[in-house]
1. Among what's in the stretch A:9-37 and is within 13 Å of another protein chain (Cβ to nearest Cβ), out of contact with any Ser or Thr (no Cβ under 9 Å at 6 or more places or on another chain) and surrounded by fewer than 23 Cβ atoms within 10 Å (Cβ to Cβ), pick the residue that is nearest to A:LYS90 (Cα to Cα).
2. Taking the condition within 8 Å of the chain's Cα centre (by Cα) and within 14 Å of chain A (Cβ to nearest Cβ), does B:ALA40 pass?
3. For B:GLU195, only one of the following conditions fails: (1) assigned to a loop (DSSP other than H, G, I, E, B); (2) surrounded by 15 or more Cβ atoms within 10 Å (Cβ to Cβ); (3) facing chain A (nearest Cβ under 10 Å). What is its number?
4. For B:LEU150, state whether it is surrounded by 19 or more Cβ atoms within 10 Å (Cβ to Cβ), in a loop (DSSP other than H, G, I, E, B) and more than 10 Å from chain A (Cβ to nearest Cβ).
5. May I ask you to verify whether B:GLU129 is more than 13 Å from chain A (Cβ to nearest Cβ), among the acidic types (Asp, Glu) and either in contact (Cβ under 8 Å) with a residue 24 or more places away in the chain or in contact with a His (Cβ under 7 Å, 6 or more places away or on another chain) (or both)?
6. Return yes when A:TYR173 is within 22 Å of B:ASP41 (Cβ to Cβ) and of a type in the set (Phe, Trp, Tyr) and no when it is not.
7. Quick check on my filter: what residues within the stretch A:177-192 are away from chain B (no Cβ under 13 Å) and surrounded by fewer than 16 Cβ atoms within 10 Å (Cβ to Cβ)?
8. Which number in (1) charged (D, E, K, R); (2) farther than 20 Å from B:ILE147 by Cα; (3) surrounded by 19 or more Cβ atoms within 10 Å (Cβ to Cβ) marks the one condition that A:GLU162 misses?
There are 2 protein chains.
Amino acid sequence: MTPERNERLTTVLNKRQPDITVVLENVFDPHNISAVMRTADAVGMQDIFILNTKIPPHKKWGAKSSSSAAKWLTVHQYTDANECFAELRKRYKKIYTTHLSSDAVGLHELNLTEPVALVFGNEHSGVSEEIIAMADGNFIIPQVGIIKSLNISVACAVTLYEAYRQKNSAGHYDAIKLQGERFEGLRNEWGFLEEE
Amino acid sequence: MTPERNERLTTVLNKRQPDITVVLENVFDPHNISAVMRTADAVGMQDIFILNTKIPPHKKWGAKSSSSAAKWLTVHQYTDANECFAELRKRYKKIYTTHLSSDAVGLHELNLTEPVALVFGNEHSGVSEEIIAMADGNFIIPQVGIIKSLNISVACAVTLYEAYRQKNSAGHYDAIKLQGERFEGLRNEWGFLEEE
């Protein structure tokens, strides 16, 4: 690895945020998953959970495309909701779903500086009842227009950039947050990846 | 118009924000334009400017699609940058472009509570030098990942929802901001539109 490349990868790893993740529950369209991954990389998210209980596991996410962000993320795939949540509970303090319930709070009222997992559901049916029951609360992206639904990639981008804003204000990007072993592991792995 | 529909349309009109707009300069892909319009509607933006100096004027933006937001917006089309800016200067106090210059500020440092126009450029070449020279400043969406470009629909959604956050905190959605005549004109026009 050239010193320049090592420095570039290290700069990105220094900003990675292991205390936030997105869970995509039965999200069907691989383009939506790719778009979410791209935004995840952009705000420094490292881990993403793909939970497919109702649709077959995805084989890839355009992973061979030159613009794919998947290879720079750690993708956790589950087909069992309980197993997925057991792992989420080990890593994150709160789990919120995007769901329009009577007690849902607006995105901007969430505290996204604590360790959180944010669940986005299927394009048509949304987050399942099972997952809503297991989570700690629901949030919505406020909308005041005529058309009442945002594409999942847009909803997720708006959410992740609100997390970026809060975390940046709280100094989360000023300190290295990846643990040493994990940091070294990812740097070694990334050394073999091609950048476009 | 039924009373219910009148009330629904009035509720949306009450939240419309005539003091913010997006200018799409030579944005090529109609899907990107449609996606931007959808987010614009969602945050209560009413006016959108389409400035095509290097590509032919767009004939439509999927306007016949059932999910099109175009019909709920006031679309201002220009082929001349000076004419476009003359109109923008009448309506908005500041014009900012998305452009990575040395003096660009981060999105979250912009004051989006004053009347602003936000310019997004062509998918490949970005905002033109001509427009950058005419604007009041440049901003960027902060990115800390490996891949350094966000899709325009994502970049615009993140920007418009930051505007929503700031404007909502400042009480902009609590008072009716459309002028009486314009309010009535839009309500009459909307009465003839089909909702999906």
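Each value in this text was obtained by applying a stated rule to the coordinates, not by laboratory testing. None of these values were measured; they are calculated from a predicted model. Cβ coordinates were reconstructed from backbone atoms using ideal geometry, including for glycine residues, and neighbour counts include every protein chain displayed.
1. A:GLN17
2. When the stated conditions are applied, B:ALA40 passes them.
3. (2)
4. No: the conditions fail for B:LEU150.
5. no
6. Details: within 22 Å of B:ASP41 (Cβ to Cβ): no; of a type in the set (Phe, Trp, Tyr): yes.
So A:TYR173 does not fit the description; no.
7. A:GLN179, A:GLY180, A:GLU181, A:ARG182, A:GLU184, A:GLY185, A:ASN188, A:PHE192
8. (2)
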